[in-house]
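K.L.:
Take a look at the following structure, please.
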Amino acid sequence: MFDYELIVIGAGPAGLAAALAAHEKGVRRILILERDNQAGGILNQCIHNGFGLHFFKEELTGPEYAGRFVAMLAGTTIEVRTDTMVLELEQNRTVHTVSPLRGYERITAGAVVLAMGCRERTRGAISIPGARCSGIFTAGAAQRFMNIEGYMVGKRVVILGSGDIGLIMARRMTLEGAKVLACVELMPYSGGLNRNIVQCLHDFDIPLYLSHTVTDVVGKDRLERVVVSKVDENRRPIPGTEMVFDCDTLLLSVGLLPENELSRQAGVQIDPRTNGPVVWENCETSIPGVFACGNVLHVHDLVDYVTAESQRAGRAAADFIQGRLPQGQEIRLENGSGVGYTVPQHFHRDTDKLEIFFRVRAIYHNAAIRVMDGDTQLARFRREHMAPGEMENITLPKVLLDRAQHDTLRVEIEEAAQ
Amino acid sequence: MKELICITCPKGCHLKVDEQTFAVTGNACPRGAAYGANELRNPVRVVTSTVVVTGSEIRRLPVKTDRPIPKGKMFAVMEEIARVRVTGPVRVGDVLIANVAGTEGNVVATKNLP
Amino acid sequence: MNYDVIIIGCGVIGAACAHALSRYQLRVGILEADNDVANGTTKANSAIVHAGYDPLPGTKMARLNVRGTAMMPALCARLDVPYKNVGSLVLALEPGDEQTLQALYARGVANGVPGLQLLTPAQALELEPGLNPKLLGALLAPSAGIVNPWELCYALAETAVKNGAELHLNAPVTAIRRTEEGFALQTPKGEFTAPRVLNCAGTHADQISRLVGDDSFEILPSKGEYFLLDKSEGSRVSRVIFQCPSPAGKGVLVAPTVHGNLLAGPNATASDPDDTANTAQGLAYVRAMATRSVPGINFRDNIRNFAGVRANSTCEDFILGQSETVPGFFQLAGIRSPGLSAAPAIGEEAVRLLRDAGLDLQPKQQYDDTRRRIRFHECSDEEKNRLIAQDPRYGRVICRCETVTEGEIVAALHTPIPPVSVNGVKRRVGAGMGRCQGGFCGPRVQEIIARELGISPVDVLMDWEGTWVLCGETKGGAGRV
């Protein structure tokens, strides 16, 4: 007899959706563990809108989206423990937690859903040279200071990285009275949604420098200026192209990393392409009864997809608890030309339909996604526009899956004929 | 002919808008056509921000305008938001500033404050 | 303020002197320029406790290195400072290196270094499978170790203060006047007098020395840059891995840290005394050199780069002794590598120098030089619950990456030398030292410091004076000019 039928680690959008989905399928003793002092996860500090267009058919802010799910908890038997940190997950699904109220505890679970989200890549991860003055923040940390605590982190800002978090912070800081001097992007294309380029940069005449990066940071105590250089096709700085920006703040929006410390320690197999667990079509990891969803599995762009994926994980956890295990031989998914990774990484042959999520490695116009079964094309999907910053998905119905001859299918991009 | 990126949904369709007739091409849905035409005549934006909370450990409450407001009035809206001081309880959707900066839009809470 | 001895500089050398002197019935004053101790070279070095085969026999470096390294395990145990006797290997990678290893071996034997052994490539690879398989040989030194250098400095300084030494922070010495009794030192915190002064001012020791008219040496600051890699790289090697030394220094090493990370570095470039910026060329050099020793290092798992400036000098040896021209002024300068290893012995040396110069040293009746720090993540389950029952703040994990609790942070803020900055907290309890580099815990640590010190979060610094983090509130609240 387990302490709880289901333990969910993280009460952000992923954890909340997974718990609610499991409850809907009849699981009753559910515990969500959350390290912050409130549920909602990262959405609490994402005060901008753009969430929920798919799921709720409404445009909501982050707090509103999270609030809808928190409201759904009422009337369920789902327990949420905030101010609680999970220190360890064992292979037998025992969870070690610590909190001021309850101290250090070990809690056993029939199934576990990993929903820990991700952390931000740091300056050290990309070895930006220069001084170690104050004034260099990851964009998310600056966002927390501004939106939750209510503090300004600086007045003259340069942003490295044109992913959505960087773009959103460009607008946010401008609206609060800071001067954002530039957004600098290493790649020749932006990593963020087009709508954010418009609303966050164009609206405020903030220049975007593609194929550029920060090559020096200068400041005795607080940041005084950054040097930005153009990069060549190998992303190496080109001498002679330096631009100097006098600023007191550098925000880094240089990537997110799924937070799988607990998963690794538990022995969950991790995919180096996603930095998240290797999973089946039902989000089950390499440890039976342990499921993963949301940013901890792979970094998402749209919270609506997080919700859908997490509902799948929650339902699968319920199936596991209630003794319904997936059937069928394993088929692996391989990423072919142009594809960076796929989630899931493998699936059961007898599954009803297979939704494959993946990211492409470059920008494609009028290309096709092909699913290859050896040399045979099993499926083909045309797409007008694909970019690395926008997660793609395709669905393979059972009738197609039944035709597969091999135990590995390859997802690849076929570029438009020139 | 003006080229725009639609911001209505994350698809970000590339629109072409005729500056005389305001006819729109490149949109995948009717909302895109409306956006394209409007963006040239009367660009509007939803403003999201936070307001100062007093009497609580919580320091800020997130808010938004309940409809898009004229782009040119964004900073005027921010100035009015900066003057608000709110104490709980507040519920999602409560109006904190009515008719902000004369736009007819309201600033509403996007989170509950106990 | 009048003292029997004033120590200028509270890095690991000044702290070791203060610690050694605090045993005696003396009024000891320490003047530190920065807003915290250990803020200079002490916090940015290789953290190695060298075996002692490198310095030339007969030098002070040789004697004090071997003595300091021998003292380190017991000292660290008493003061609860992380230390690991991991041993070291010097690799022969080029033709000619094998002769260098022989020379180091002979030097080591002459210096009294225990347990030295010359190894064949096969023997070395068996100990360390991660080494360059083309190596030609290695020198094994089992007595080498790794330590937490800033925690060692805090522990020594805290113990000194606990036993009566007085520390003045933000007190750079700007002028020194000779008086009848000795010296009057001018600082922004006022004037301090003593008949005896110990110059432990690191990369500024020559500037301090010139204030009393002794220009017998010059500091030649040498910057060294480092990579600090994620704990996932921490078991790439289990010993400190050196390359053969060159005139520029011991060269780029690869070593585990006491925290479980991997360290690679340093290079050596002439620099200003306080220039700790990293450079693209410096980092590229370190990376290339480190890969020669340990080819498999995954630099994508780097979490932080930093640089430290070493107080190399115009003297080949440590400059240790009473000034020849200014009696009562003692130089403990040019303490380059193996300075950290020698620190405990240099503390002893300071006592000997003062005694030889006539200072009467009577041991104190009451003296407490034990120190214990609670490390939550090392506690057993029962200990964890005992702590939390006494103080629920030990149940709130603030730094997820390193499992550091609010209880530990609050405790640090109430030690004899409390931190005044986010990085001061980081160096004392580890919060922010992990793979997210404070991205998650930074705002929370800032808040706790503000609360415990009774100041606004806007006034909490990242590190030294001037490193402000927040410039004010959103919505036109209280701001910073």
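All of the numbers you see were taken from the coordinates with simple rules; none came from a lab. Please read these numbers as outputs of a predicted model, since none were measured by experiment. Cβ: placed from backbone, ideal geometry, glycine included. Neighbour counts: every protein chain shown.
K.L.:
So how strong a dipole does chain A carry about its Cα centre when Lys and Arg Cβ are +1 and Asp and Glu Cβ are -1, to the nearest 20 debye?
P.N.:
Value, rounded to 20: 340 debye.
K.L.:
Would you work out if chain A is rounded, prolate or oblate? Take a ≥ b ≥ c from the square roots of the eigenvalues of the alpha-carbon gyration tensor; rounded if a/c is under 1.5, else prolate when a/b is larger than b/c, oblate otherwise.
P.N.:
The shape class here is oblate.
K.L.:
Further question on the same structure: From the backbone phi of the stretch C:265-270, what are the Karplus-calculated ³J(HN,Hα) couplings (6.51 cos²θ - 1.76 cosθ + 1.60, θ = phi - 60°) in whole Hz, Gly and Pro given as x?
P.N.:
Computed from phi, the couplings for the stretch C:265-270 are x, x, 8, 8, 10, 4 Hz.
K.L.:
In addition: Which of rounded, prolate, oblate describes chain C, given a ≥ b ≥ c as roots of the alpha-carbon gyration tensor eigenvalues and a/c under 1.5 marking rounded, otherwise prolate only if a/b is larger than b/c?
P.N.:
Oblate, since a/c reaches 1.5 and b/c is not below a/b.
K.L.:
Do the sum for chain A: with -39,500 (n - 2.57) for every DSSP H run of n ≥ 4, divided by all residues, what is the mean residue ellipticity at 222 nm, to the nearest 500 deg cm²/dmol?
P.N.:
The per-residue figure over chain A is -5000 deg cm²/dmol.
K.L.:
Based on the inverse mean of 1/r over its pairs of different Cα atoms, what is the Kirkwood hydrodynamic radius of the protein assembly as shown, in Å?
P.N.:
31.0
K.L.:
Hey, any idea what the orientation-averaged projected area of the convex hull of the stretch C:102-184's Cα atoms comes to, in nm²?
P.N.:
11.3
K.L.:
While we're here: With an 8 Å cut-off on Cα pairs and a minimum separation of 6 or more residues, tell me the relative contact order of the stretch A:1-85 in percent.
P.N.:
Once normalised by length, the contact order is 36 percent.
K.L.:
Which entries of B:K11/B:K111; A:K220/C:K162; A:K155/B:K73; A:K155/B:K2; C:K60/C:K134; A:K353/B:K16 have Cα-Cα distances beyond 31 Å here?
P.N.:
Violating the 31 Å Cα-Cα cut-off are A:K220/C:K162; A:K155/B:K2; C:K60/C:K134; A:K353/B:K16.
K.L.:
Taking amide H atoms as placed 1.01 Å from N in the peptide plane, list the residues 5 or more away in sequence, or in a different chain, whose amide H sits under 5 Å from that of C:K223.
P.N.:
Amide H neighbours of C:K223, under 5 Å, 5+ apart: C:T269, C:A270, C:S271, C:R310.
K.L.:
Let me ask you something else. Going by how many other beta carbons lie within 10 Å of each one, how would you line up A:T82, C:T269, fewest first?
P.N.:
By the 10 Å Cβ count, ascending, the order reads A:T82, C:T269.
K.L.:
Follow-up. Can you give the FRET efficiency to the nearest 0.05 for A:N393 and B:N99, using r as the Cβ-Cβ distance and R₀ = 35 Å?
P.N.:
E between A:N393 and B:N99, to the nearest 0.05, is 0.25.
K.L.:
Right, next: Computed on alpha carbon atoms, what radius of gyration and Dmax characterise the stretch A:37-178, expressed in Å?
P.N.:
18.7, 55
K.L.:
Continuing with the same structure: Explain nothing, just the number: dipole magnitude of chain C about its Cα centre with +1 on each Lys and Arg Cβ and -1 on each Asp and Glu Cβ, in debye rounded to the nearest 20.
P.N.:
In total the dipole reaches around 860 debye.
K.L.:
Just flag the trypsin sites (Lys or Arg not before Pro) in the stretch A:279-332 sitting in loop per DSSP whose Cβ has no more than 12 other Cβ atoms within 10 Å.
P.N.:
Here the sparse-neighbourhood loop sites are A:R324.
K.L.:
Can I ask one more? Taking amide H positions as placed 1.01 Å from N in the peptide plane, with prolines and chain starts having none, which residues 5 or more places from A:T215, or on another chain, fall under 5 Å of its amide H?
P.N.:
For A:T215, whose amide H was placed from the backbone, the distant partners under 5 Å are A:V227, A:V228, A:S229.
K.L.:
Checking the cross-link filter: which aspartates and glutamates have an alpha carbon closer than 20 Å to that of A:K230, excluding same-chain neighbours under 8 positions apart?
P.N.:
Within reach: A:E185, A:D216, A:E242, A:D246.
K.L.:
Using the Cα centre of the protein assembly as shown as origin and beta-carbon charges of +1 (Lys, Arg) and -1 (Asp, Glu), tell me which of C:Q25, C:V197, A:W280 is placed farthest towards the positive end of the dipole.
P.N.:
Farthest towards the positive pole: A:W280.
K.L.:
Would you be so kind as to identify which of B:P43, B:G72, B:L61 lies farthest towards the positive end of the dipole of chain B, taking Lys and Arg as +1 and Asp and Glu as -1 on Cβ and the Cα centre as origin?
P.N.:
B:L61
K.L.:
Now a separate question. Points 7 angstrom from Cα along the Cβ direction at C:A77 and C:N170: gap in nanometres?
P.N.:
Reported label-point gap for C:A77 and C:N170 is 4.1 nm.
K.L.:
Which whole-Hz couplings ³J(HN,Hα) result when phi for each residue of the stretch A:306-319 is put into the Karplus expression 6.51 cos²θ - 1.76 cosθ + 1.60, θ = phi - 60°, listed in order with x for Gly and Pro?
P.N.:
Result, ordered by residue: 4, 4, 4, 5, 6, 5, 4, 5, x, 5, 5, 4, 4, 4 Hz.
K.L.:
State the extension gain, in nm to one decimal, for the chain segment bounded by C:H414 and C:E191, taking 0.36 nm per residue of separation less the distance between their alpha-carbons.
P.N.:
77.5 nm
K.L.:
Shifting gears a bit: What ranking of C:S232, A:S190 emerges when the number of other C-beta atoms within 10 Å of each C-beta is taken as an exposure proxy, fewest first?
P.N.:
The most exposed by this proxy come first: C:S232, A:S190.
K.L.:
I need the calculated FRET efficiency for the pair B:N38 and A:N37, taking r as the beta carbon distance and R₀ as 41 Å, to the nearest 0.05.
P.N.:
Efficiency, rounded to the nearest 0.05: 0.50.
K.L.:
For Cα pairs less than 8 Å apart in space and 6+ apart in sequence, what is the mean separation divided by the residue count of chain A, i.e. the relative contact order in percent?
P.N.:
In percent, rounded to a whole number, it is 15.
K.L.:
Just rank A:H298, A:H212, fewest to most, by other beta-carbon atoms within 10 angstrom.
P.N.:
Fewest-to-most Cβ neighbours within 10 Å comes out as A:H212, A:H298.
K.L.:
How much length is gained on full extension from A:L210 to A:Y305, taking 0.36 nm per residue of separation minus their Cα-Cα distance?
P.N.:
Net length gain for the segment: 31.4 nm.
K.L.:
I need the GluC sites (Glu not before Pro) found in the stretch A:1-66, filtered to DSSP loop residues with at most 13 other beta carbons within 10 Å of theirs.
P.N.:
Here the GluC sites (Glu not before Pro) that fit, given the DSSP loop and packing criteria, are A:E58.
K.L.:
Then there is this: Amide H to amide H, which residues 5 or more places from A:K179 or on other chains are under 5 Å from it, using H placed in the peptide plane?
P.N.:
Placed amide hydrogens put A:R156, A:V157 under 5 Å from A:K179.
K.L.:
Next question, about the same structure. So what is the orientation-averaged projected area of the stretch C:351-426, using the convex hull of its C-alpha atoms, in nm²?
P.N.:
Over every viewing direction, the Cα hull of the stretch C:351-426 projects on average to 8.2 nm².
K.L.:
Identify all lysines with a Cα-Cα distance to C:K426 below 16 Å; exclude those on the same chain that are fewer than 8 residues away in sequence.
P.N.:
Answer for C:K426, where 16 Å is the Cα cut-off: C:K43, listed by chain and number.
K.L.:
With θ taken as phi - 60° and the coefficients 6.51, -1.76 and 1.60, list the Karplus ³J(HN,Hα) couplings across the stretch C:463-474 in order, rounded to whole Hz; mark glycine and proline as x.
P.N.:
7, 6, 3, x, 8, 5, 9, 10, 9, x, 9, 6
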